Amino acid sequence: MNDIAASAAPAIETDKVAQLRDNVGRAVVGKSNVVELMLVAVLCEGHVLLEDMPGMGKTLLAKTFARSLGCSFRRIQFTPDLLPSDICGSRVFNQQTAQFEFRPGPIFAQVILADEINRATPRTQSALLEAMEERQVTTDGITAPLERPFLVVATQNPVEIEGTFPLPEAQLDRFLMRVRLGYPSAAEEDEIVRRAGRADPVAGIGPVIQPAEVAGMQSRMDAVRMSEDVRRYLLAIIRASRQSADIRLGGSPRASVALYRAAHALAWVRGRDYVRPDDVKELYPLVLAHRVVLSADASLKVGDPEIVLGQILQQVPVPAE
């Protein structure tokens with residue numbers, strides 16, 4: 001689609017997105033692309049797995065993003081002794097009323113930072129499954145809904161393996177994207193150092209988007225179009241992940257739906273009412289890398305699923321816009 005057609009498209013609210021990026025940028029240096037991806041996850045009602053080294057600003061990013069959306073925020077530090085009730089809550093006997101009362105856990109917030117999620121046992125990790133998929137929590141037979149928007153931002157260290165429990169495929173599949181922050185550039189790191197020692201950077205951050213506005217954004221996102229050629233391309237690269245000799249477990253239909261919805265949201269966030277092939281290509285490794293399982297040979301020779309997925313993108317023809 002050419003620029004003339006794009007300019008004739010219905011007006012799309014991009015000012016809020018720009019305000020969100022700028023607001024988060026007051027506390028977090030140089031992560032505007034990650035902010036866009038986190039907003040994509042919110043619009044798709046998905047979740048984000050941040051995988052990177054300690055000290056890269058994951059906690060600061062999640063906290064600032066929550067404040068910019070006017071959402072409640074809770075951080076849960078995952079440890080081997082963490083229990084499911086420590087996350088979801090439990091029933092406690094009230095001696096004054098002589099009745100059991102439900103005391104909600106930290107999962108009852110709108111933005112959850114599940115810090116070092118792979119340090120908890122699989123049983124504790126699974127406590128998040130219902131909340132992430134159905135936006136509700138069931139404890140002792142009582143089901144309580146979670147307030148929307150609801151976003152889980154989980155972190156894990158890709159290097160440390162001592163004392164960690166790898167996330168099972170069912171848990172990984174609940175995350176819309178796996179994102180790596182990466183080291184800052186020289187200029188960005190210089191700015192980070194210059195800001196060091198100042199007052200709490202999050203203290204002055206206020207909301208630029210209200211939680212009630214998110215539902216309206218989601219409904220307006222439905223106006224974004226995807227041409228038949230782009231949709232076929234999306235399905236072709238998903239199927240290619242299943243046919244690759246380097247991949248033992250390829251993308252599922254859930255991955256196809258996730259990539260389809262994320263591409264629509266990314267186009268909306270960037271001010272367009274149509275999806276480009278480049279939107280699909282950009283999101284493909286982020287949506288697929290944590291869902292696919294490499295073959296034994298590829299695990300030894302390549303190791304990183306994103307490299308294999310990048311090779312697939314080079315092999316599948318891209319439709320012309």
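The values are calculated or read from the model by the stated rules, or taken from the named source; none is laboratory data. Computed from a prediction, not measured in an experiment: that's the story for all the values here. Positions of Cβ are generated from backbone atoms using ideal geometry, with glycine treated the same way; all protein chains shown enter the neighbour counts.
Considering only the range 167-176, I want to know if a residue exists there that is out of contact with any Lys or Arg (no Cβ under 6 Å at 6 or more places or on another chain), exposed (fewer than 14 other Cβ atoms within 10 Å of the Cβ), among the charged types (D, E, K, R) and part of a loop (DSSP other than H, G, I, E, B).
No, there is no match, as no residue in the range 167-176 is out of contact with any Lys or Arg (no Cβ under 6 Å at 6 or more places or on another chain), exposed (fewer than 14 other Cβ atoms within 10 Å of the Cβ), among the charged types (D, E, K, R) and part of a loop (DSSP other than H, G, I, E, B).
Ser32 fails exactly one of the following numbered conditions: (1) more than 16 Å from Asn157 (Cα to Cα); (2) touching a residue at least 12 places away in the same chain (Cβ under 8 Å); (3) touching a helix residue (DSSP H, G or I) at 6+ places or on another chain (Cβ under 8 Å). What is the number of that condition?
Of (1) more than 16 Å from Asn157 (Cα to Cα); (2) touching a residue at least 12 places away in the same chain (Cβ under 8 Å); (3) touching a helix residue (DSSP H, G or I) at 6+ places or on another chain (Cβ under 8 Å), only one is false for Ser32: (2).
When you check Ile205 against the structure, is it touching a strand residue (DSSP E or B) at 6+ places or on another chain (Cβ under 6 Å), over 21 Å from Ala258 (Cα atoms) and either of a type outside the set (S, T, N, Q) or not assigned by TED's automatic domain parsing to the domain that holds Glu36 (or both), yes or no?
Here the answer is no, as Ile205 does not meet what is asked.
Is it the case that some residue within the range 84-91 is on the phi > 0 side of the Ramachandran plot and either surrounded by 21 or more Cβ atoms within 10 Å (Cβ to Cβ) or in contact with a Pro (Cβ under 8 Å, 6 or more places away or on another chain) (or both)?
yes
Residue by residue through the range 231-247, note down the ones that are crowded, with 18+ Cβ neighbours inside 10 Å, farther than 17 Å from Ile307 by Cβ and within 22 Å of the chain's Cα centre (by Cα).
Leu234, Ile238
Does at least one position in the range 267-288 carry a residue that is more than 27 Å from Asn157 (Cα to Cα), of a type in the set (Asp, Glu) and assigned to a loop (DSSP other than H, G, I, E, B)?
Yes: the range 267-288 contains one or more residues that are more than 27 Å from Asn157 (Cα to Cα), of a type in the set (Asp, Glu) and assigned to a loop (DSSP other than H, G, I, E, B).
Name the residues in the range 104-119 that are within 14 Å of Pro80 (Cα to Cα) and in contact with a helix residue (DSSP H, G or I) (Cβ under 9 Å, 6 or more places away or on another chain), would you?
Answer for the range 104-119, where residues must be within 14 Å of Pro80 (Cα to Cα) and in contact with a helix residue (DSSP H, G or I) (Cβ under 9 Å, 6 or more places away or on another chain): Ala114, Asp115, Ile117, Asn118.
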